[in-house]
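For reference, the structure is listed below as structure tokens.
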Amino acid sequence: MPTRMPGPTSHSYFSQRLRLHYVDWGNEDAPPMLLIHGGRDHCRNWDWVAQEFRNDYHVIAPDLRGHGDSQWLIGGVYRLTDFVYDIAQLIHQTNLKPITIIGHSLGGAISLCYSGIYPETVTKLVAIEGLGLSPKRLAERPKRTTGEKLDRWITEIRKLSGRVPRRYPTLEDAYQRMQSENPHLSPEQARHLTVHGVNQNEDGTYSWKFDNYVRANRAFGMDIENIRELWQAITCPTLLFRGTESWASDPATDGRASYFKNVRVENVEGAGHWVHHDQFDRFVSIVRDFLGKPGI
């Protein structure tokens, strides 16, 4: 991983009356690059990637609503469409376009949707396991009536309303939890992600920054056909990552890569869901080869 350099500056912007946070790594005259984290994560998970590319790009990384240092939603529904709106607002307000986007998991899904809505604004796109469930797993999901979907959602939200954020006695306890969640992480990685991923409570304990309501499944979401329509509308070169030790299936063999006009698929050995953490050097090498010279 690259040698540590001075960190980013923090900024806020507003979207649907929420104060949202992002960090800016400087180099304003360079082509812009946007890094979008996954669910229950935060913008500082990109620090190593940002340091690697900050000399060639103007790198910014937001905290999604309900995550990191961004404001929590009043209510219980974190929708993909609202996340996409937040990113559209960030790009619009900062005027950082055309732009290169790298997204992980939920952030990858957001990136793909945005790039399908505004294809002319995105020059290159990297999605790390951002395609969601495989066609096989989608087909295996039980069919539910509208009433059953709503009842399931109401029950889940009711349970979440009584859930208190877990409190860890010490920062070390939170770090141990982070390390156990992904054994691929080095101690340095796990500690860094923990330090930037928790708040200290008034009683001295520590809790994760994300809103527990981001765990909730939506009663209704964007139909898979609508999402695939957006994939088909993407015009820029697109790189899809998958870790071979992850739950995700290979988009090159399950048919999903065929929805993209200009796509490259990379299955990375020795990596799980967090390819950019688990095989950092390999990830950076592949991304550099894909991006080529900045601005070209």
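Structural remarks
- Sorting 206-216, 225-235, 122-132, 51-61 by average packing, meaning the other beta carbons within 10 Å per residue, from highest down gives 122-132, 51-61, 206-216, 225-235.
- Averaged over residues, the count of other Cβ atoms within 10 Å places the peptides 87-98, 138-149, 26-37 in the sequence 26-37, 87-98, 138-149, highest first.
- The ranking of Trp72, Trp46, Trp25, Trp247 by Cβ neighbour count inside 10 Å, starting from the fewest, reads Trp247, Trp72, Trp25, Trp46.
- Stretch gain in nm, segment Arg282-Asn201, where the contour uses 0.36 nm per residue and the Cα spacing is subtracted: 25.4 nm
- Note on the range 112-230: dipole from Cβ charges, positive end direction compared against Asn182, Ala139, Asn217; the farthest Cα belongs to Ala139.
- Each residue, Trp72 and Asp223, gets one label point 7 Å from its Cα in the Cβ direction; the gap between the two is 3.5 nm.
- Estimated translational D of the range 185-296 in µm²/s (Stokes, Kirkwood radius over Cα pairs; 4 °C; 1.567 mPa s): 75
- Expected-Rg normalisation [2.2 N^0.38 Å, Cα atoms] applied to the range 42-136: 1.09
- Each principal axis of the Cα atoms in the range 23-182 has its own extent, and those three values, largest first, are 51, 42, 32 angstrom.
- Subtracting the Cα-Cα distance of Arg163 and Glu245 from 0.36 nm times their residue separation leaves 26.4 nm of extension gain.
- The value of relative contact order for the chain, using C-alpha pairs under 8 Å at least six residues apart, is 18 percent.
- Its Cα centre serving as origin, the range 1-90 has a Cβ charge dipole (Lys and Arg +1, Asp and Glu -1) of approximately 360 debye.
- Over the chain, equivalent-ellipsoid semi-axes from the Cα gyration tensor in Å: 27, 25, 20
- Cα-centre dipole for the chain with unit charges at Cβ (Lys and Arg positive, Asp and Glu negative), debye to 20: 840
- Cα-only Debye scattering, the range 114-195: base-10 log of I(q)/I(0) at q = 0.11, 0.13, 0.19, 0.20 Å⁻¹: -0.70, -0.92, -0.99, -0.97
- Simple Cβ-charge dipole of the range 41-137, Lys/Arg +1 and Asp/Glu -1, about Cα centre, in debye nearest 20: 280
- Computed FRET value (nearest 0.05) for Phe290 with Asn55, which takes r as the C-beta separation and R₀ as 22 Å: 0.80
- Sites Arg152 and Glu172, calculated FRET efficiency, Cβ-Cβ separation with R0 41 Å, nearest 0.05: 0.65
- Applying 0.36 nm per residue to the separation of Lys143 and Leu80 and subtracting their alpha-carbon distance, the gain on full extension is 20.5 nm.
- Rg to Rh quotient for the range 14-61, alpha carbon positions, Kirkwood Rh: 1.01
- Percentage, to the nearest whole number, of Cα pairs in the range 230-278 over 12 Å apart: 61
Values quoted throughout were computed directly from the atomic coordinates according to the rules given, and no laboratory measurement underlies them. Note that this is a predicted model, so its numbers are computed, not measured. Cβ coordinates were reconstructed from backbone atoms using ideal geometry, including for glycine residues, and neighbour counts include every protein chain displayed.
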